[in-house]
């Protein structure tokens, strides 16, 4: 069963169009959403969670229309937005107290468990956390309200290799029981190699491919053997001789 | 709705917004334009809504299980609670002011009586009616929204304070019990207008914010 289905998502901006993007995230999968900067990854994810209004298309979460049943979807997903710090001067304790009130299935015991597991100090302010710890805090919030799907916009961007490795290992642990799924955007191919079971590849606002990692390798086998080789080969643009003047 | 208001007070409210709620103490100043205390409350709301933007509150709201119109409702109710609290907290100072200042003794404008509170509600109504829909057109242009709102609000303040100098309206300065009773219809009329404008401001702001892409 697919936990998330995106069908024909289209958003037109004056200088960019997200063009009929369709893909699905099966239950228990880690889908890496890849593409270079400006390809449309964040616009797609924002459209999925309702931050951006698509011109066409629809999003189905657990077979329910997300726009018609927004609350149901939001109660059952966790979101880690890219590059946005919420309430930077507030302590984690204060943010958690507020957040827990919005989720009927909030579990305090689980939250305490994940705080210990991630070594999160609730007395710290958001701006005292490292980038990796901020992601872990938002993951702790998501797991504490029993999110079925975690949507993350470039969660590993800007992290050192050790923190990235820790996070990708954490992703695998999160989906290990098959009840939760992860959709995360990235342009770091080594993260995909480590944890992704599925890949959706977007270029210039259009989805080139979505499916399992094996299907992706087969579909682009003439571009290279590793994911990095494939993506660089597909994305790379040759400069004209007269490009530098 | 309780969760939204709790969030607003715990994470978004600027400390000065609460401090300005107590500016009813200005009613004790002899011969002073008392409606200025209401202006400070609008300034406090400006601080909180600026804080809301700086804290990326609207983005956080967008990932919580809350409809966009409910995020607006929380903010509108917060503004209403702050404004009404400022009026309620001004009552003891108004009573004290009428005891220590001679009747009609405010040489500048309105005296501390029921008419002043009616003026307060009218001032807040004008402020809300412009500020909230203007703010939620973008969700982040707080300064522009405040500038748009404060111009008509200042005009209403000027009109209210000036009215106390018109001979036919001198009864608006009466701080006696009988004078206050005569002013009560004004107060109730202003309260109804205030509630109606707040509801309309919410509807317009929510409708506009639904169309905003974050």
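All of the numbers you see were taken from the coordinates with simple rules; none came from a lab. Fair warning: this is a prediction, and the values are worked out from it, not measured in the lab. Don't worry about glycine lacking a Cβ; one is built from the backbone with ideal geometry, like all the others, and counts go over all protein chains shown.
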Subject >> Label-zone membership for region B:63-77, site residue B:50, 7 angstrom Cα→C-beta point, backbone N under 20 Å >> reply: B:75-76
**OP:** Report the paramagnetic label zone for residue B:203: residues of region B:71-99 whose backbone N is under 16 Å from a point 7 Å from Cα along the Cα-to-Cβ axis.
**Re:** B:73
Original post:
Considering every residue in B:53-64, what mean count of other chain Cβ atoms within 10 Å of its Cβ is obtained?
Top reply: 6
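Determine the calculated [θ] at 222 nm for chain B from helices alone, applying -39500 (n - 2.57) to every DSSP H run no shorter than 4 residues and normalising by the residue count; nearest 500 deg cm²/dmol.
-24000 deg cm²/dmol
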Subject >> Sites residue A:7 and residue A:223, calculated FRET efficiency, Cβ-Cβ separation with R0 30 Å, nearest 0.05 >> reply: 0.65
**OP:** Per DSSP H run of at least 4 residues, take -39500 (n - 2.57); add these up for chain A, divide by its residues and hand me the 222 nm value, nearest 500 deg cm²/dmol.
**Re:** -10000 deg cm²/dmol
Original post:
To the nearest 10 degrees, how steeply does helix A:108-117 sit against the main Cα axis of chain A, on a 0 to 90 scale?
Top reply: 60
Subject >> Residue exposure sequence - A:134, A:203, A:116 - by fewest surrounding Cβ within 10 Å >> reply: A:116, A:203, A:134
Original post:
What residues from region A:114-140 fall in the zone where the backbone N is under 20 Å from a label point 7 Å along the Cα-to-C-beta line of residue A:85?
Top reply: A:119-140
Original post:
Once fully extended, how much extra length lies between residue B:85 and residue B:67, figured as 0.36 nm per residue of separation less the alpha-carbon to alpha-carbon distance?
Top reply: 3.8 nm
Original post:
For helix B:36-54, what angle does its Cα long axis make with the longest principal axis of chain B, in degrees from 0 to 90 and rounded to 10?
Top reply: 10
**OP:** Summarise the partner chain shielding of A:98-105 as one whole number: the mean count of Cβ atoms from other chains within 10 Å of each residue's Cβ.
**Re:** 5
Subject >> 0 to 90° range, to nearest 10: angle between helix A:161-175 axis and chain A longest Cα axis >> reply: 70
**OP:** When a/c is below 1.5 the answer is rounded, else prolate if a/b is larger than b/c, else oblate, so apply that to region A:105-183 with a ≥ b ≥ c taken from the square roots of the Cα gyration tensor eigenvalues.
**Re:** oblate
Original post:
Say each of residue A:146 and residue A:173 gets a label point 7 Å from the Cα, pointing the same way as Cα to Cβ; how far apart are those two points in nm?
Top reply: 2.2
**OP:** Round to a whole angstrom and tell me the spacing of the C-alpha centers of region A:105-133 and region A:188-245.
**Re:** 35
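Just to verify a number: FRET efficiency for residue A:203 and residue B:162, C-beta to C-beta distance, R0 = 56 Å, to 0.05? All intermediate terms of the calculation are to be shown ahead of the outcome.
Values: r = 66 Å, r/R0 = 1.17.
With a Förster radius of 56 Å, E is 0.30.
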Subject >> For the protein assembly as shown, share of DSSP beta bridges that run antiparallel, in % to the nearest 5 >> reply: 55
Subject >> Average partner coverage of B:204-213, which counts Cβ from other chains inside 10 Å >> reply: 1
**OP:** Return the percentage of antiparallel bridges among DSSP beta bridges fully within chain A, rounded to the nearest 5 %.
**Re:** 55
Original post:
Taking neighbour counts of Cβ atoms within 10 Å as a proxy for exposure, in what order, fewest first, do A:20, A:209 appear?
Top reply: A:20, A:209
Original post:
Could you give the distance between the Cα centres of region B:158-207 and region A:48-101, to the whole Å?
Top reply: 42
Original post:
Would you list B:29, A:30, B:181 from fewest to most Cβ contacts within 10 Å?
Top reply: B:181, B:29, A:30
**OP:** Evaluate E = 1/(1 + (r/R0)^6) for residue A:215 and residue A:27, where r is the Cβ-Cβ distance and R0 equals 22 Å; express this FRET efficiency to the nearest 0.05.
**Re:** 0.80
